[in-house]
Amino acid sequence: MRGSRPRGAGRRRPPGGCGGDTLRTPASLAGCYSAPRRAPLWTCLLLCAALRTLLASPSNEVNLLDSRTVMGDLGWIAFPKNGWEEIGEVDENYAPIHTYQVCKVMEQNQNNWLLTSWISNEGASRIFIELKFTLRDCNSLPGGLGTCKETFNMYYFESDDENGRNIKENQYIKIDTIAADESFTELDLGDRVMKLNTEVRDVGPLSKKGFYLAFQDVGACIALVSVRVYYKKCPSVIRHLAVFPDTITGADSSQLLEVSGSCVNHSVTDEPPKMHCSAEGEWLVPIGKCMCKEGYEEKNGTCQAPSPVTNVKKGKIAKNSISLSWQEPDRPNGIILEYEIKYFEKDQETSYTIIKSKETTITAEGLKPASVYVFQIRARTAAGYGVFSRRFEFETIPVFAASSDQSQIPIIAVSVTVGVILLAVVIGFLLSGRRCGYSKAKQDPEEEKMHFHNGHIKLPGVRTYIDPHTYEDPNQAVHEFAKEIEASCITIERVIGAGEFGEVCSGRLKLPGKRELPVAIKTLKVGYTEKQRRDFLGEASIMGQFDHPNIIHLEGVVTKSKPVMIVTEYMENGSLDTFLKKNDGQFTVIQLVGMLRGIAAGMKYLSDMGYVHRDLAARNILINSNLVCKVSDFGLSRVLEDDPEAAYTTRGGKIPIRWTAPEAIAFRKFTSASDVWSYGIVMWEVVSYGERPYWEMTNQDVIKAVEEGYRLPSPMDCPVALYQLMLDCWQKDRNSRPKFDEIVNMLDKLIRNPSSLKTLVNASSRVSNLLAEHGPLGSGAYRSVGEWLEAIKMGRYTEIFMENGYSSMDAVAQVTLE
Ligand code: ACK
């Protein structure tokens, strides 16, 4: 079969032609049997635009040929020459519209072939052919033509190269007979509506590199407006942190291809994730996933974290401290939320300290003199932590040397001189026979304060608390600090209480090779959310870091089976507040002081670890059968969320007002010094056998009264020394409050010298304390002492006032602290 160029091929008509007298539209569009009509330009443009819209192909289809987008000659041939002809139109952008038409309905025995050029299949084994055409309804033709057909045929022939076009008709394989059907697009051509049919057929499996298509007309009136040949693929996609490449669909129309994904940068997996590519180009049935590596967080299908901090410079270096500054990472990849600074004494990496800072400077305090410290810094964005910087080593200066500052070399010189003089003086002292030995360099008060402010800074020789929040994966934190216990080792005996996350039970723990222990078991109720699980286990991650006789001891956790449990030592007498209420007046002062000493020792340990409790109260102390008190209820913000005593402040936080220092209520300044304030309240609770602090006063009244200087009066029968300690804990200036080690020392002294506890605060001075601290007393607003005492919810003391001669407001106003 030899073909020739269809007539008109290659001829191009400018868009203006659309509005000209000699407009040629495809046969079925213009109507070959009607007189030539003048079509307006907009009709032509409308058709072009409509076609272009229709031609946009979905993202999972890859075109092998689209006659509408071929700018030059299509290279198709027609046989015989007078059969199919190309209508050489161009659109408004002068782009060709390759439309082929044939309309030999008047003549018998038509066999008109239109052959495409060779089309590579680009490796696809199933291809799709989309035809857009108009086909004239034979009934609409005048004279009811007997030879008129309403179909045409489509064929293909496979070939590895372009030399296969001259084959015989009968070597082509028929794809289908194409008829106009209901799936048409209506084109409004002004005074008439044309029906543009779209038909799609598929062919496969193909085994050669390419193929030809052929369209056979046997006597219809057709305009083939466009031919699009394409294959389908499952487009490249990232699912579950794995990249799945562009995948050509299988040869079979029901075939699913299994495709392995590769993990995105900074993510890993044990087994490569898989997905299945359907014949329709859809990804189905994902299996497995990749996980971001430690230090990276998943965001929009990537694991992207800030680039490392590179430029770390030392600032002021003293005997106990090193100041550093650094620059933001080159590629922050987001807004830097904070920096984490890890440091440790060289060769002591297992005992490190973490500080967080929103600034690009820090001062690490509490360091040993003349020691090398290693620092690493990493930044955190919403995407998580970046990797740590390389190690930077800096050395503190010796005890007797002056501090160094890189930027102040002349000062260093002076300081060194002073240091040398000091050294000489000290040597002189030693030589003069006055033995002073080596004493630990005393930290100045400011350094000490910094220690508490930062919370995480390490004291020499003491382990440091690590905030479980610093772990990306909360499971990692809990397993770092808590032993996993097999549920079969636990026997639950009875329910002893209810916690926010589930029941609290007592039971027994029998670990292999160990003796059986009585234990308390906190359970996480079923149906918990991921956040509840995290918060619940957060307490174990904190508790597991502590090891002290006055801190509740964590035995371990059960996380591998359900219910999730936290197992702790069993405290026979339960919580201290309930225990004291039940045993009102039953203990000697020494026993009460012993309880307080234990709590103070536990708190000293926590503050040394850099842990601020925030919810120290008698209800959060547990007491065992030996009356040993242990601090419990650890958590992060959760502690306050759970505590029924915690109330919302105007700043939105939830705070147990009666136990909390004013600066913590006012601006959330929670420090070990605010824990000391709470400790003073616990002292008051203990000595008053579980009385409620500030009785029935409202939280608002408590805040106001404390702000105005009012303090709780001494409990009944309270040793002066204890009440004085309470008042010291309630100093407005937090720096004036005693530290926990001082409290422990003071209580030890009292225990060693019980007679010091004999002097009790007497009734009148109990009241005078109350008065002295309370500001607006002399305001004259009250007519009687009783009225005033009622107003401040102290009506119960009216009788005592009267007995002691304070029967008028004038007399009350004369009372002084003395
Ligand atoms: O006052 P309680 O008897 O002491 O009631 C509460 C209850 O569980 C809910 O918290 C008791 N409880 C909590 N932990 C322990 C423990 N380790 N040993 C004994 N009782 C505990 C607490």
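Please treat every number below as a calculation from the coordinates, not as lab data. Here the structure is a predicted model, which means the values were calculated and not measured. As a convention, Cβ positions derive from the backbone with ideal geometry for all residues, glycine included, and neighbour counts pool all protein chains shown.
When Leu722, Leu727 are sorted by how many other C-beta atoms sit within 10 angstrom of their C-beta, beginning with the fewest, the order is Leu727, Leu722. Arranged from fewest to most other beta-carbon atoms within 10 Å of their beta carbon, Asp217, Asp535, Asp66, Asp246 become Asp246, Asp66, Asp535, Asp217. What the Cβ-Cβ distance of Thr147 and Gln255 gives, at R0 = 45 Å and to the nearest 0.05, is a FRET efficiency of 0.55. Annotation: amide H-H contacts under 5 Å for Cys263 (H modelled 1.01 Å from N, sequence separation of 5 or more, or interchain): Val243. Modelled spin labels at Lys358 and Asp701, positioned 7 Å past Cα toward Cβ, are 3.7 nm from each other.
Near His553, the amide H atoms lying under 5 Å from its own belong to Glu569; only residues 5 or more places off or on other chains count, and H is placed 1.01 Å from N. Ordered by the number of other Cβ atoms lying within 10 Å of each residue's own Cβ, fewest first, Met716, Met603 fall into the sequence Met716, Met603. Using θ = phi - 60° in the Karplus curve 6.51 cos²θ - 1.76 cosθ + 1.60, the 3J(HN,Hα) couplings for the range 485-491 round to 10, 6, 4, 5, 7, 10, 10 Hz; x is entered for Gly and Pro. Mind jotting down the distance between the C-alpha centroids of the range 691-756 and the range 191-238, whole Å? Going from one Cα centre to the other spans 90 Å. Using a/c under 1.5 as the rounded threshold, could you call the range 518-669 rounded, prolate or oblate? The axes a ≥ b ≥ c are square roots of the C-alpha gyration tensor eigenvalues, and prolate needs a/b larger than b/c, oblate otherwise. The shape class here is oblate. Within a straight-line Cα-Cα reach of under 16 Å, Lys562 can be paired with the following aspartates and glutamates, leaving aside sequence neighbours fewer than 8 residues apart in one chain: Glu484, Glu486, Glu503, Glu530. In the range 209-282, one over the average inverse separation of all distinct C-alpha pairs is 15.4 Å, which is the Kirkwood hydrodynamic radius.
Given the pairs Lys582/Lys758; Lys522/Lys669; Lys358/Lys604; Lys316/Lys346, which span a C-alpha to C-alpha distance of over 23 angstrom in this model? Where the Cα-Cα span goes over 23 Å, the pairs concerned are Lys582/Lys758; Lys522/Lys669; Lys358/Lys604. Label-to-label distance for Glu530 and Arg494 is 4.0 nm, based on points extended 7 Å past Cα in the beta-carbon direction. Here Lys299 is the anchor, and the lysines within straight C-alpha reach of less than 21 Å, apart from those fewer than 8 places off in the same chain, are Lys274, Lys289, Lys531. Please work out the C-alpha center-to-center distance from the range 259-312 to the range 114-179 and express it in whole Å. About 46 Å separates the Cα centre of the range 259-312 from the one of the range 114-179.
In terms of its C-alpha gyration tensor, the range 480-541 comes out oblate, because a/c is 1.5 or above while a/b does not outweigh b/c. Annotation: amide H of Leu760 within the under-5 Å range of Val720, sequence separation 5 or more or interchain, hydrogens built in the peptide plane. Cross-link partners for Lys149 among the lysines, with Cα-Cα distance under 19 Å and sequence neighbours closer than 8 places in the same chain left out: Lys104, Lys132, Lys174, Lys195.
Modelled spin labels at Asp330 and Val70, positioned 7 Å past Cα toward Cβ, are 5.0 nm from each other. The length gained on full extension between Glu484 and Asp181, counted as 0.36 nm times the residue separation minus their Cα-Cα distance, comes to 102.2 nm.
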